[in-house]
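Asker: Would you mind keeping the following structure in view while I ask a few things?
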Amino acid sequence: MGHEDDRSNEENINMAGYPFEDYGLEIYSLQSMYFDVLLSYKIERPVFKGFEVDTELSLNAISDQIFPIEGFEIEIEDAKHEYLKSAKCGKLEKAGIEALGKKELSNIIRSKVSNSYIYNLSYLSDHDVSKFNVMLEIPRGDDGYPTRIVVVLEYKPQEKLLRVITMY
């Protein structure tokens with residue numbers, strides 16, 4: 001986290017004020033002029049050849065089994081596909097993808113996973129689920145702003161599978 005610029009980077013200040021230490025965590029901080037520019041925001045960009053390790057480092061936060069996800073299958077279960085077409089129909093219609101089959105929808109998701117970054121990584125211990133999000137941007141036919149759809153994917157490294165949990 002960032003701390004005041006007039007403090008030394010040798011100091012580690014808990015600016016958030018949360019009791020991280022009570023949970024066995026250590027506080028590390030930098031002057032805000034460095035933290036804010038370099039560490040607080042990540043610009044979405046393609047995954048360039050040779051830099052796949054960025055995604056792998058991210059996955060390490062939710063799993064001890066790290067594999068390149070570019071080759072993973074995208075799974076949309078039949079029941080999930082029907083749910084998305086009914087409960088999320090408005091969002092899919094706005095994007096113009098409501099009539100897509102599972103294969104076509106999987107291909108769109110696959111291209112985003114392979115060409116962008118993943119975020120909002122978490123491990124749900126109650127369900128033993130490691131998951132992350134990707135953002136789809138679907139161009140609209142009316143030349144309006146692209147429709148953005150968040151896709152939540154379960155990371156299943158043993159099966160080399162990314163299972164769609166939901167889209168919104």
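Asker: Can you tell me which residue among 86, 40, 111, 125 is in contact (Cβ under 8 Å) with a residue 24 or more places away in the chain and not charged (D, E, K, R)? Before you say what the answer is, go through the steps one by one.
Answerer: Working: 86 fails: in contact (Cβ under 8 Å) with a residue 24 or more places away in the chain; 111 fails: in contact (Cβ under 8 Å) with a residue 24 or more places away in the chain; 125 fails: in contact (Cβ under 8 Å) with a residue 24 or more places away in the chain.
Exactly one of 86, 40, 111, 125 is in contact (Cβ under 8 Å) with a residue 24 or more places away in the chain and not charged (D, E, K, R), namely 40.
Asker: From the list 26, 98, 56, pick out the single residue that is farther than 27 Å from residue 158 by Cβ, surrounded by fewer than 14 Cβ atoms within 10 Å (Cβ to Cβ), free of Cβ contacts under 8 Å to residues at least 40 places away in the same chain and of a type outside the set (Phe, Trp, Tyr).
Answerer: 26
Asker: Moving to a separate point now. For the stretch 1-60, name all the residues that are part of a strand (DSSP E or B) and more than 25 Å from residue 122 (Cβ to Cβ).
Answerer: Those that are part of a strand (DSSP E or B) and more than 25 Å from residue 122 (Cβ to Cβ): 3, 31.
Asker: How about the stretch 61-83: which of its residues are part of a helix (DSSP H, G or I), under 17 Å from residue 165 (Cα atoms) and either aromatic (Phe, Trp, Tyr) or in contact (Cβ under 8 Å) with a residue 24 or more places away in the chain (or both)?
Answerer: Answer for the stretch 61-83, where residues must be part of a helix (DSSP H, G or I), under 17 Å from residue 165 (Cα atoms) and either aromatic (Phe, Trp, Tyr) or in contact (Cβ under 8 Å) with a residue 24 or more places away in the chain (or both): 69, 78, 80, 81, 83.
Asker: Test residue 153 against the stated conditions and say whether it is under 30 Å from residue 56 (Cα atoms), touching a residue at least 60 places away in the same chain (Cβ under 8 Å) and crowded, with 17+ Cβ neighbours inside 10 Å.
Answerer: Yes.
Asker: Another question, if that's okay. Hey, residue 40 hits all of (1) surrounded by 14 or more Cβ atoms within 10 Å (Cβ to Cβ); (2) of a type in the set (Gly, Ala, Ser); (3) under 16 Å from the mean Cα position of the chain (by Cα) but one; which does it fall short on?
Answerer: That leaves (1) as the condition not met.
Quick note: the coordinates plus some simple rules give every number you see, no bench work behind them. This one's a predicted model, so the numbers in the text were calculated from it and none came from an experiment. Positions of Cβ are generated from backbone atoms using ideal geometry, with glycine treated the same way; all protein chains shown enter the neighbour counts.
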